[in-house]
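Participant: The following block contains the structure, expressed as structure tokens.
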Amino acid sequence: MKTSRRTMIGASALGLGLASVARAGAQTSNAARFSLKFAPHDGSFASRGDVLEQIAFAADQGFTAWEDNEAAARPVAQVDAMAKALRRRGMTMGVLVASMPKWSQFRPVLGADSKEDREAFLADLLPAIEVARRMDAKWLTIVPGFVDSRVPQEIQTARVIALMRQAGEIAAKHGKILVMEPLNTITNHPNAFLRTIPQGYMIATGADSPGIKVLADLYHQQIQAGNLIPTLDSCWDQIGYIQFGDNPGRNEPGTGEINYRNVVRWLRGRGYAGVIGMEHGNSIQGRAGEERLIAAYRAIDAA
């Protein structure tokens, strides 16, 4: 997860975007559809225009999914316009962020004895769930805060499990799934509480709720622990969502050390039919980078 990816689109751009939806509604894809649900995001195809025009372009290139971390912060009119565009193009909506930490303050600390932090975390859920409902989204990303070095790890874990059980009950009541994202502490997110997929597996298993699963962002996990395929295999029953990004650089597959062809082969073997978020940047700016992005995903989709 990045702390900030795109800027909000203004009212005038929204008006232009609504027009683009009308134009795009009758179009069909002019390229072969990807066999897996790779999901670009606002900024993946920035040269093509606003977010609605990017959705239309992505559909024309054969992408069948989209994700938008910032959806819960967007104006309702824009959310509805995006939802309409996705429905018209037959695209599945991936994750949006339900609860974003205060990165500069290292809050919340959900494993500490802070009722205020836990209540604020839970309070974020219903507004985000409403946005997910409007966008036909099933999954919402959550980050279980930061570590409190004064509290034993076992106590913090027990408190986080109890809170995730509460959060899962809220999500499940609305037919949604909260996916906890482990973050690397080496390059991007020092002092994050949830750091590895196995740690997420332990918490999700303890919470024992259909509304709580783990988001496996393979960029973060390659940095933090590696051993990606065996880890996915051992934790598979608690993994609800996948995100790609190569390391180093956090750009498209093929720009770093992760063998995404093998990861895709393994996911096919598992029969994975969910969304795969393209949670990364482009290694080259502009249209050349966008073409390289598409080519990278064509290459691994053919694996």
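Participant: Restricting the search to region 96-111, which residues are surrounded by fewer than 19 Cβ atoms within 10 Å (Cβ to Cβ) and assigned to a loop (DSSP other than H, G, I, E, B)?
Facilitator: 100, 106
Participant: Then there is this: Could you figure out which of (1) farther than 23 Å from residue 273 by Cβ; (2) of a type in the set (A, V, I, L, M, F, W, C); (3) not in a loop (DSSP other than H, G, I, E, B) isn't true of residue 183?
Facilitator: (3)
Participant: Condition check: surrounded by fewer than 21 Cβ atoms within 10 Å (Cβ to Cβ) and either over 19 Å from residue 273 (Cβ atoms) or not aliphatic (A, V, I, L, M) (or both). Does residue 222 satisfy that?
Facilitator: Considered against the rule, which asks whether it is surrounded by fewer than 21 Cβ atoms within 10 Å (Cβ to Cβ) and either over 19 Å from residue 273 (Cβ atoms) or not aliphatic (A, V, I, L, M) (or both), residue 222 comes out as yes.
Participant: Here's a follow-up. Considering each of 273, 299, 295, 288 in turn, give the residue that is surrounded by fewer than 18 Cβ atoms within 10 Å (Cβ to Cβ), of a type in the set (A, V, I, L, M, F, W, C), modelled with pLDDT of 95 or more and under 19 Å from the mean Cα position of the chain (by Cα).
Facilitator: Every option except 273 fails the conditions.
Participant: Suppose the filter is in contact with an Asp or Glu (Cβ under 9 Å, 6 or more places away or on another chain), in a loop (DSSP other than H, G, I, E, B), within 24 Å of residue 241 (Cβ to Cβ) and at pLDDT 95 or above; does residue 44 pass it?
Facilitator: yes
Participant: Looking at (1) within 26 Å of residue 188 (Cα to Cα); (2) in contact (Cβ under 8 Å) with a residue 60 or more places away in the chain, find the lone condition where residue 99 falls short.
Facilitator: (2)
Participant: Looking at region 157-202, which of its residues are basic (Lys, Arg) and farther than 19 Å from residue 107 by Cβ?
Facilitator: Residues satisfying the conditions are 165, 173, 176.
Participant: May I ask you to verify whether residue 38 is part of a loop (DSSP other than H, G, I, E, B) and within 19 Å of residue 273 (Cα to Cα)?
Facilitator: So residue 38 fails the test.
The values are calculated or read from the model by the stated rules, or taken from the named source; none is laboratory data. This one's a predicted model, so the numbers in the text were calculated from it and none came from an experiment. All Cβ positions, even for glycine, are placed from backbone atoms using ideal geometry, and neighbour counts span all protein chains on display.
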